[in-house]
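Notes for the one structure printed next.
Every number here is computed from the coordinates shown, using simple stated rules; none is lab data. Here the structure is a predicted model, which is why all the values come from computation and not from measurement. All Cβ positions, even for glycine, are placed from backbone atoms using ideal geometry, and neighbour counts span all protein chains on display.
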Amino acid sequence: MFKWNDLTQDWNEMYARAKRRFPNLRDRDMDAVGRDRAQFEAYLAERHHLTVNEAHEELEDFLFTEALTREVTKHLGK
């Protein structure tokens with residue numbers, strides 16, 4: 001399973017992927033909220049008009065999708 005720590009280990013690449021999923025993220029805000037999951041979820045909720053719980057669920061879904069993508073990529077040898 002893809003975890004928050006996996007996401008933050010390669011933040012630049014993963015931020016670009018997260019921005020495609022969550023287009024209202026602003027680059028200038030990432031230094032302040034990018035590494036702390038609770039702050040990121042609160043920020044995600046604010047920027048996308050979600051509750052914090054909905055933002056948490058959306059982030060969980062994003063992490064799950066990223067885990068699947070990595071598994072497929074690994075099995076395809078890319």
Segment residue 36-residue 50, extension gain: residue separation times 0.36 nm, minus the distance between their alpha carbons: 3.2 nm
Cα-based helix-to-principal-axis angle, 52-76 vs the chain, degrees rounded to 10: 20 degrees
Rounded tilt (10° steps) of 11-21 against the dominant C-alpha axis of the chain: 70 degrees
Helical mean residue ellipticity (222 nm; -39500 (n - 2.57) per DSSP H run of 4+; nearest 500) of the chain: -23000 deg cm²/dmol
Evaluated over segment 36-78, the Cα radius of gyration and Dmax, each in Å: 13.3, 39
Relative contact order (%) - the chain, alpha-carbon pairs under 8 angstrom, separation at least six: 35 percent
Extension gain, residue 17 back to residue 67 (0.36 nm per residue minus Cα-Cα distance, nm): 16.7 nm
Loop-resident sites, segment 28-76, for chymotrypsin sites (Phe, Trp or Tyr not before Pro), counting at most 10 other Cβ within 10 Å (DSSP): none
Binned Cα-Cα distance frequencies in the chain - 5 Å width, integer %: 3, 16, 26, 29, 15, 6, 4, 1
